[in-house]
Amino acid sequence: MTVTESPASRAAEILSRPVALNGLTVPNRIAMAPMTRMFSPGGVPGEDVRSYYARRAAAGVGLIVTEGTYVGHDSAGQSDRVPRFHGEEQLAGWAEVAADVHAAGGTIVPQLWHIGMVRKQGEPPFADAPAVGPSGIRVDGTEGTGKAMTRRDLDDVIGAFADAARDAERIGFDGVELHGAHGYLLDQFLWAGTNRRTDAYGGDAVARTAFAAEIVAAVRAVVSPEFPVIFRYSQWKQEAYDARLAETPEELEAILAPLAAAGVDAFHASTRRYWVPEFDDSDLNLAGWTKKLTGKPAITVGSVGLDGDFLRAFAGEGAPVQGIDDLLDRLERDEFDMVAVGRALLQDPQWAAKVLGGRFDELTPYDAAALKTLS
Ligand SMILES: Cc1cc2nc3c(=O)[nH]c(=O)nc-3n(C[C@H](O)[C@H](O)[C@H](O)COP(=O)(O)O)c2cc1C
């Protein structure tokens, strides 16, 4: 940073740089993080969902990652208000979402989701489907009524992800993100706490990654070579915040390398605070390690723009470690390539425009009331 450069112009300059994810050029470095909203009755994203995403694209979000959307497998979800990525009406709704985001100047990928053993009571049309997972074990360690997946279940789910990815390309999306994070199905395979299998899908880290890698390969096989496949993963689980997939960079590499080899074009490393170093003896965060270990573009996430310190740093009143300067420094060092923003973008659809335009004084702190509407 030069002494004459203001935080505003520096933020605009660095965040406005385009970035390539395989064949897709994203116009800037700001992504919208995937956020389940449950505003799609019957699994169909309607006009309100369409304008919710398009509003953020029009205000400068370069890449929208949609809320998690269920793949076509009866056990994939449990709510009839979460959008589905299968079925004629549902896909027609999604095609309009993609078209509106494109018209607003943005790019968009659906986050393809299977919740696995997180499934509890299901609403129609899922009411009778069992919860399925690698070993029928929930993230909290209980067995409940879940079912360990058979060969046929594995093939059905692999096929469901591939079908959804093929449909995503067909109806105009710019890529796909596979939800491998937060203790849902793919993560249940990755994590030893939920994967006790003794076949080729359980055991060491490479074996636990085999199911997710087969999904990546199946997706890769049905989409164009330049169509980006993003893989989201996390150490933490929704029901176990302190859980970790990998204690060392070597353990992390054992998981990421097979996924990259299977065809992942970019990784989305989900953390709750992006500035926290992932391992000892290095400042790199999880996205930073991911990029270093795989050579693939990486997206970081976690509390960007949420707290008062971030806003004060924007206003030029010092630069705490989690402020904008630290984020920009990391982007400039190529620690990671993009920044995903979740709750701050729920709070304010204009967040990206304000940040890119240097209107930091117009940013407002996050209020959980933003969760209640699709404004
Ligand atoms: C209401 C809400 C819903 C979320 N739903 C999803 C989801 O469907 N898929 C996912 O991978 N992460 C989901 N997340 C996590 C976010 O993508 C993001 O990683 C998290 O909110 C941290 O980013 P933030 O601090 O900028 O909000 C959700 C978060 C929130 C607040």
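The values are calculated or read from the model by the stated rules, or taken from the named source; none is laboratory data. Here the structure is a predicted model, which means the values were calculated and not measured. Don't worry about glycine lacking a Cβ; one is built from the backbone with ideal geometry, like all the others, and counts go over all protein chains shown. Please note that ligands, DNA and RNA were not included when accessible areas were found on the heavy atoms of the full protein model with its side chains. Shrake-Rupley method; radii C 1.70, N 1.55, O 1.52, S 1.80 Å.
On the given criteria, is A165 open to solvent by 10 Å² or more (accessible area, probe 1.4 Å) and either closer than 19 Å to Q90 by Cβ or assigned to a helix (DSSP H, G or I) (or both)? Quick ask: steps written out before the conclusion?
Numbers: open to solvent by 10 Å² or more (accessible area, probe 1.4 Å): no; either closer than 19 Å to Q90 by Cβ or assigned to a helix (DSSP H, G or I) (or both): yes.
It is false that A165 is open to solvent by 10 Å² or more (accessible area, probe 1.4 Å) and either closer than 19 Å to Q90 by Cβ or assigned to a helix (DSSP H, G or I) (or both).
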Test: residue in segment 311-325 that is in a helix (DSSP H, G or I) and modelled with pLDDT of 95 or more: no
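For R232, indicate whether it is in contact with a Phe, Trp or Tyr (Cβ under 9 Å, 6 or more places away or on another chain), among the basic types (K, R) and surrounded by fewer than 22 Cβ atoms within 10 Å (Cβ to Cβ). Walk me through it before giving the result.
Working: in contact with a Phe, Trp or Tyr (Cβ under 9 Å, 6 or more places away or on another chain): yes; among the basic types (K, R): yes; surrounded by fewer than 22 Cβ atoms within 10 Å (Cβ to Cβ): no.
Criteria not met by R232.
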With respect to the numbered conditions (1) open to solvent by 10 Å² or more (accessible area, probe 1.4 Å); (2) in a loop (DSSP other than H, G, I, E, B); (3) touching a helix residue (DSSP H, G or I) at 6+ places or on another chain (Cβ under 6 Å), which one is the sole condition not fulfilled by T194? (1)
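Can you find a residue that is open to solvent by less than 50 Å² (accessible area, probe 1.4 Å) and at pLDDT 85 or above anywhere in segment 359-371? Explain how you work it out, then say what you get.
Filtering segment 359-371 for residues open to solvent by less than 50 Å² (accessible area, probe 1.4 Å) gives 360, 363, 370.
When the remaining residues are screened for being at pLDDT 85 or above, the result is 363, 370.
The answer is yes; a qualifying residue exists.
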What tally of residues in segment 258-281 results from selecting those that are open to solvent by less than 30 Å² (accessible area, probe 1.4 Å), in a loop (DSSP other than H, G, I, E, B) and over 23 Å from Q238 (Cα atoms)? 3
Residue pairs qualifying under the 6 Å Cβ cut-off, at least six apart or on distinct chains, with the first in segment 268-284 being over 19 Å from D329 (Cβ atoms) and the second being modelled with pLDDT under 95, are R272/G302
Criterion violated by G202 - all others in (1) part of a helix (DSSP H, G or I); (2) more than 14 Å from D265 (Cα to Cα); (3) not hydrophobic (A, V, I, L, M, F, W, C) satisfied: (1)
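If we scan segment 194-207, do we find a residue that is more than 16 Å from the ligand (Cβ to nearest atom), in contact with a strand residue (DSSP E or B) (Cβ under 8 Å, 6 or more places away or on another chain), under 20 Å from V132 (Cβ atoms) and of a type outside the set (A, V, I, L, M)? I'd like the intermediate steps shown before the answer.
Our first condition is that a residue be more than 16 Å from the ligand (Cβ to nearest atom); within segment 194-207, this holds for 194-207.
Next, only the ones that are in contact with a strand residue (DSSP E or B) (Cβ under 8 Å, 6 or more places away or on another chain) stay: 194, 197.
Subset that is under 20 Å from V132 (Cβ atoms): 194, 197.
Pick out the ones that are also of a type outside the set (A, V, I, L, M) and you get 194, 197.
Yes, the conditions are met somewhere in segment 194-207.
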Having 1 or more residues that are away from the ligand (no atom under 12 Å from the Cβ) and open to solvent by 10 Å² or more (accessible area, probe 1.4 Å) is the bar; report the strands (runs of 3 or more DSSP E) wholly within segment 1-88 that clear it. 19-21, 24-26
Would you be able to say whether some residue in segment 94-116 is within 20 Å of M32 (Cα to Cα) and either free of Cβ contacts under 8 Å to residues at least 40 places away in the same chain or charged (D, E, K, R) (or both)? yes
Within segment 214-257, residues in contact (Cβ under 8 Å) with a residue 40 or more places away in the chain, within 25 Å of T25 (Cα to Cα), away from the ligand (no atom under 16 Å from the Cβ) and part of a helix (DSSP H, G or I) come out as V216, A217, A218, V219, R220, A221, V222
Determine whether segment 338-358 contains at least one residue that is free of Cβ contacts under 8 Å to residues at least 12 places away in the same chain, among the aliphatic types (A, V, I, L, M) and open to solvent by 10 Å² or more (accessible area, probe 1.4 Å). no
